Every structure is written in C-alpha cells, then in structure tokens.
Number of protein chains: 2
Amino acid sequence: MNDARLEVMPIGVVESELTDRATAPKQGNEGAPEAWLVFEPAVLEGLEGIRPGDQVIILTWLHLARRDVLRVHPRDDPANPPQGVFNTRSSDRPNPIGLHEVEVVSIDGRRVRVRNLEAVDGTPIVDVKPVLRRK
Amino acid sequence: MNDARLEVMPIGVVESELTDRATAPKQGNEGAPEAWLVFEPAVLEGLEGIRPGDQVIILTWLHLARRDVLRVHPRDDPANPPQGVFNTRSSDRPNPIGLHEVEVVSIDGRRVRVRNLEAVDGTPIVDVKPVLRRK
C-alpha cells in the first residue's frame, strides 16, 4: 500500500432519524427518510447556486465502516456469492467514502434538507457535487 | 471547521497521456483518451467481479487542486458568473475528490484500462464503485 497520506476535512454532518447501520436502507431510493445536511459555517459560500429541487451528489465518510475488508456478500446476503468490494456499494472498503444521489428539498442557512439519503445520523459530509446527466 | 481528521489511503494511480490540468478535458466524455488504472497489489482482491464493458465510478484525489477555494467561474470561463464550488465540478474544493464515470476496456492483472477518464497522469485513486442506474 502506498505510504502517501491524504487528509479529508469534514465540511458538515448528516442529521437523520436513521441511527442503526444494520437497519438503514442500503440505497437512498429504498425508503430512506428525509434528512438534514448541516454544513460548517466556513464552507457556506461553496453552496451558492444550489436550489430546492436540485439533484446533487453527496460524498460522505462512512465512519462506522470496516476498512480491512476486500470481499463481501453483496447486500449483506450470504446467498449472494462474495464479490470484491469495488464491485459493490458496500460501506466496508479501504476508503469508506459514501456516494449518495439526493434531492434538495429546502435550504435554511447552513441546514439543507434532502430526500433519499441512507447515511446514518452523525455521518461526516466531505463533498457536494451537481449531478451531470449523460448527453 | 471540524477538527476530526480522516485519512485516505491511495489504492492505485492513474497512468494517462494527459499531464497538464489546464489542457485536460473538463469531463471524461469531452475527448479524454483511454488511460490505465494501476492498483496496489494489496487491494486486488477488491476488484473481483469487475469485467470489461462494465461502467464504474472512480473516485480520485485531485492532487493538483487548491483546497482554499469556495467560489469559481464554472468551466474556468470568466464569462460564467461565479458559483459555489459545491454547485460545480471544479477540482478546486475543500476535499479535492474527483468523481469519474468510466468504462472498463480490459483488465491485465493489476492494470485496468478505461475509457473516458479526464484525470491527469499520477492522480491517486481512492475508490471504485459500480454504477447504479435509476429504476
């Protein structure tokens, strides 16, 4: 493994009624409740231009994940043959970065309400990007 | 800014004929050449199940980016009004994580050839995920 170390700084945190990784939906479109993204005051300027109704990608740091796992049963179902973690959306992986496509519902200062986020309460947010649709 | 520090470990590196950020395509579908992803031997097991023809998402660490920028002119064009970086795909952002949707062309041991990658030569790779299509 390469020795270079790259440091991520949280830019905010997820506030959600989901608190248990085991019972949270596996994907945001599988029954996730609405949740708040609460951003650090220092990065608010970076949100300029984002509006209710926008589809955005949230990158999170899946702080409850295991980083020493390279093969998993997809969807935690032992009936599924093991796969390399990079061929799954498992949160267990060497760099536990979560990728979530969500819809912005409303914006209230540094609090952004979103739909379709399966991350649990307390998950650090590390980036936000607009969705680019294929031409 | 939150004090928690989260550390990313590179799992591989991009080999590309693109060497200059200024002249590289802004998005992978805007004329990026084929490139190699060269993975660390320690993580190869994690690639099991990925096949030529698969569409995958590559997360990279955009090591040439500025992390102290919160507003940019989209697409580096001064004619575009400034936007918050989180409403753009600018590589300059607090956590310079690149998100690239690529197609796997071939796999040769720890070298994976891909199409549509705009990252420059030497860019660290931090994660690989399958593309999930909307239902």
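Residue farthest toward the positive end of the dipole of region A:29-135, with Cβ of Lys/Arg at +1 and Asp/Glu at -1: which of A:Thr60, A:Val114, A:Leu99?
Of the listed residues, the answer is A:Leu99.
Across peptide B:43-55, what mean number of C-beta atoms from other chains lies inside 10 Å of a residue's C-beta?
Per residue, the average neighbour count from other chains is 5.
How many nm is it between the label spots at B:Asp77 and A:Arg51, if each spot is 7 Å from the Cα in line with the beta carbon?
1.9
Treating only the Cα positions of region A:40-117 as identical point scatterers, give the base-10 log of I(q)/I(0) from the Debye formula at each q in 0.14, 0.18, 0.27 Å⁻¹.
At q = 0.14, 0.18, 0.27 Å⁻¹ the computed log10 ratios are -0.61, -0.81, -1.22.
Convex hull volume of the Cα atoms in region B:2-74, per residue, in Å³?
Output value, Cα hull per residue: 157 Å³.
Among A:Pro78, A:Pro94, A:Pro52, which one shows the biggest mean-square fluctuation in a GNM of chain A, springs joining Cα atoms closer than 10 Å?
A:Pro78
In whole Å, how far is the Cα centre of region A:93-135 from that of region B:29-52?
After rounding, the separation between the Cα centres reads 25 Å.
Amide H neighbours of A:Leu62 under 5 Å, at least 5 residues apart or on other chains, H built in the peptide plane: list them.
Here the answer is A:Ile97, A:Gly98, since their amide H atoms fall under 5 Å of that of A:Leu62.
Specify the residue with the greatest mean-square fluctuation among A:Leu18, A:Leu62, A:Leu47, computed from a Gaussian network of chain A linking alpha-carbon atoms under 10 Å apart.
A:Leu47
Carbon-plus-sulfur fraction of the accessible area of region A:1-126, 1.4 Å probe, in percent?
46
Evaluate the distance, in nm, between pseudo-label points positioned 7 Å from the Cα of A:Glu7 and of B:Gln27 along their respective Cα→Cβ axes.
Going by the 7 Å Cα→Cβ label model, 3.4 nm.
Run the numbers on chain A and let me know its relative contact order in percent, using alpha-carbon pairs under 8 Å that are six or more apart.
Dividing the mean separation by the residue count of chain A yields 39 percent.
What fraction, in whole percent, of alpha-carbon pairs in chain B exceed 25 Å separation?
29
If one computes P(r) from the Cα atoms of region A:84-128, what percent of pairs lie at distances over 16 Å?
47
Please give the net charge around A:Arg66, taking every other residue with its beta carbon less than 9 angstrom from that of A:Arg66, where Lys and Arg add +1 and Asp and Glu add -1.
Summing Lys and Arg as +1 and Asp and Glu as -1 gives 0.
Taking chain B as a Gaussian network, where each spring joins two C-alpha atoms under 10 Å apart, which residue of B:Thr60, B:Thr123, B:Thr19 fluctuates the most?
B:Thr19
For the protein assembly as shown, divide the Cα radius of gyration by the Kirkwood radius and give the resulting Rg/Rh value with two decimals.
0.94
For B:57-65, what's the mean count of beta carbons from other chains sitting within 10 Å of each residue's beta carbon?
2
Where q = 0.29, 0.31 Å⁻¹, what log10 of I(q)/I(0) comes from the Debye formula for region B:59-99, counting one point per Cα?
One equal scatterer on each Cα of region B:59-99 leads to -0.98, -1.07.
Within the protein assembly as shown, how many Lys pairs sit with Cα atoms under 16 Å apart, leaving out pairs fewer than 8 places apart on the same chain?
The result is 4.
The values are calculated or read from the model by the stated rules, or taken from the named source; none is laboratory data. All figures in this text were calculated on a predicted structure; none of them were measured in a lab. We place every Cβ from the backbone using ideal geometry, glycine too, and count neighbours over all the protein chains shown. The area values use the complete protein model at the heavy-atom level, side chains included, leaving out ligands, DNA and RNA. Shrake-Rupley method; radii C 1.70, N 1.55, O 1.52, S 1.80 Å.
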